[in-house]
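Since the structure comes first, as structure tokens, the remarks are kept for the end.
The values are calculated or read from the model by the stated rules, or taken from the named source; none is laboratory data. As the structure is a computational prediction, the values presented were derived from the model and not from experiment. Here the Cβ positions follow ideal geometry from the backbone for every residue, glycine too, while neighbour counts run over all protein chains shown.
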Ligand SMILES: [Zn+2]
């Protein structure tokens, strides 16, 4: 048993996918040429006034409700003051006391498969800063497109006890944000960012140990590695009888080390004060009710429904619901008329394989659910073999104009159930393999598979394996 207990809390920033920015009408988009999505407001020109985008409030409340938070009917924005080149106003509009959502939770599964509740301290809204780009030319360039992009910051309680639990929390949170369609949650593009507070204490101790903050983790993998690194570092410090210092560390993905960014003595004092240019945010009970009524089906409810409505097992369902687009694709295939079991098995094998290989994305996947349904129905009706269906599927990836039947005919894949045609193949196989025939007749019945394989080969995969098995057996036994 480890003598230390690990304590982790996460602060997650998610960029909201609203059409416009939080305080101006500029488009909220990623990847445009630098400094083309700006105006005097988001550039922080003197004399301009912010106007709060109502969608931002709705998205924050949606998220809060999905995470079982209480929603404050009345909350304020605050100025967080600091100087940085990518922050032209010299302050960021955020929320300090009384954030819009507070006191929620979500449930994760621990290493041992036990369900565990992680508290959500608060969710507040704020604006993103611009982006400094080093190494493009002389000095540093700044892109202000990101200035004023709306963010929600989701702060957890220090309830996680391992890097694994932190990873599970982040995975679950991302899944819920995607189901809610409030953020794209792309860590590589920075639309989901995570900072961690980590401390160790002796098992059984009541007081928390000194915590450090780890920043700059740009992928889920990086979070897991950075936390494992920092836990190990603190363990060594404590084992050596020294004290952990309250510092902020930057994770370097290339060297897989966390390097010192600043010590607590140098830490910012943001001098928060109420934002004088914005009226308080007031949210009526009716509005909260309306947002609650429009919440989509969330992962846990969907998981339960897939198990009961489609009679699928836990393992398959957890793969299907992991990503909302994936669950939608599966369900659209079923709604088009495919058998749930066939659709689940095909989607979690063939479709998932292609997505994992990275060449395709579901948003632009060339095979529509209706087309996949046509193909699956051909298999389930015994018109083509599973093996032949894989060929049709490959073909459909590059050609979405022909119908499934046209492709089957074009590729000559219609399953041969015709006994005469199969009989010829079987006779050939029997003639070509006298030794195996003798052994089979002497009692080595497991050779049946060998004969079926040979016949399937001769038919180019288009024979129906079930019919072949029956015919081969009767040929061998009755001759
Ligand atoms: Zn603007």
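So the values come out like this:
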| quantity | calculated |
| --- | --- |
| Single residue of the range 204-224 satisfying the filter (part of a helix (DSSP H, G or I) and in contact (Cβ under 8 Å) with a residue 40 or more places away in the chain) that is surrounded by the most Cβ atoms within 10 Å (Cβ to Cβ) | 223 |
| Qualifying residue in the range 453-460 (condition: modelled with pLDDT of 85 or more, in a helix (DSSP H, G or I), in the same structural domain as residue 331 (by TED's automatic domain parsing) and touching a helix residue (DSSP H, G or I) at 6+ places or on another chain (Cβ under 8 Å)) | no |
| So residue 51, is it modelled with pLDDT of 95 or more, within 16 Å of the ligand (Cβ to nearest atom) and more than 32 Å from the chain's Cα centre (by Cα) | yes |
| Condition broken by residue 201, with the remaining ones in (1) assigned to a strand (DSSP E or B); (2) over 31 Å from the mean Cα position of the chain (by Cα); (3) under 19 Å from residue 169 (Cβ atoms) satisfied | (3) |
| Single residue of the range 441-473 satisfying the filter (over 23 Å from residue 389 (Cβ atoms) and within 52 Å of the chain's Cα centre (by Cα)) that is surrounded by the most Cβ atoms within 10 Å (Cβ to Cβ) | 451 |
| Lone unmet requirement of (1) away from the ligand (no atom under 16 Å from the Cβ); (2) within 30 Å of residue 144 (Cα to Cα) for residue 28 | (1) |
| Filtered residue count, the range 80-93, keeping only those that are in contact with a strand residue (DSSP E or B) (Cβ under 6 Å, 6 or more places away or on another chain), touching a residue at least 60 places away in the same chain (Cβ under 8 Å) and buried (at least 17 other Cβ atoms within 10 Å of the Cβ) | 2 |
| Of all residues in the range 128-170 being more than 24 Å from the chain's Cα centre (by Cα) and surrounded by 24 or more Cβ atoms within 10 Å (Cβ to Cβ), the one that is farthest from residue 92 (Cα to Cα) | 145 |
| Residue 65, sole failed condition from (1) within 29 Å of residue 269 (Cα to Cα); (2) more than 16 Å from the ligand (Cβ to nearest atom); (3) modelled with pLDDT of 95 or more | (1) |
| Residue list for the range 324-341, restricted to those being surrounded by fewer than 19 Cβ atoms within 10 Å (Cβ to Cβ) and touching a helix residue (DSSP H, G or I) at 6+ places or on another chain (Cβ under 7 Å) | 325, 326, 332, 336, 337, 339, 340 |
| Selection count where residues are near the ligand (Cβ under 8 Å from one of its atoms) and in contact (Cβ under 8 Å) with a residue 60 or more places away in the chain, scope the range 15-25 | 3 |
| Scan of the range 32-43 for residues that are more than 10 Å from the ligand (Cβ to nearest atom) and in contact (Cβ under 8 Å) with a residue 24 or more places away in the chain, ordered by number | 32, 34, 35, 36 |
| In the range 285-299, residue farthest from residue 335 (Cα to Cα) [restricted to those that are part of a helix (DSSP H, G or I) and in contact (Cβ under 8 Å) with a residue 40 or more places away in the chain] | 285 |
